[in-house]
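These notes are about the structure you will find just below.
Rule-based calculations on the coordinates, nothing more; no lab input. Model, not experiment: these values are computed from the prediction. Every residue, glycine as well, gets a Cβ built from its backbone with ideal geometry; the counts of neighbours run over all protein chains shown.
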Amino acid sequence: MQLLPQKKPALKEGAKIIQARYDSMKDWRMDPAGYFLIRINPETKELEVGLCKRQNVVEVLVKGRNAEEIYNTVIREGLTKDLTHAAYLGNELQKAEIARALNIPYVQDDPLDPAMLQRSRLLKKGSSS
């Protein structure tokens, strides 16, 4: 099978260029569908997303092997009504998936801690000697 040569992307003349911006203090709004709690299940190592309406009571639990199947399920099931919330969910689930792969703690809304990666490597190195 012969592959067609790839064309280099080109910006159309007169294309609209938008500078990205987001201020979490000004732009954030609550999703009318509720909010999500995200974790890595300590026993099964599956990613889990719990939809809550109030007081961290999970009304719907979505669990799966990877971020992509979970966020697509959340969208397909109509568990979010807000595109910004869906984007946030995808970002957090990807972070959780990376943390799981690197065997470092995942804390929702916190950045991944590179120091934990170094500690994890040192612990592995120490246990293999």
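Laid out as a table, the results:
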item: Those residues of the range 22-57 which are without any contact (Cβ under 8 Å) to a residue 60 or more places away in the chain and assigned to a strand (DSSP E or B), in sequence order; result: Y35, F36, L47, E48, V49, G50, L51, C52
item: Selection within the range 35-65 - surrounded by 15 or more Cβ atoms within 10 Å (Cβ to Cβ), in contact with a helix residue (DSSP H, G or I) (Cβ under 7 Å, 6 or more places away or on another chain) and not hydrophobic (A, V, I, L, M, F, W, C); result: G64
item: Subset of the range 66-81 (residues that are more than 21 Å from A99 (Cβ to Cβ) and surrounded by 13 or more Cβ atoms within 10 Å (Cβ to Cβ)); result: I75, L79, T80
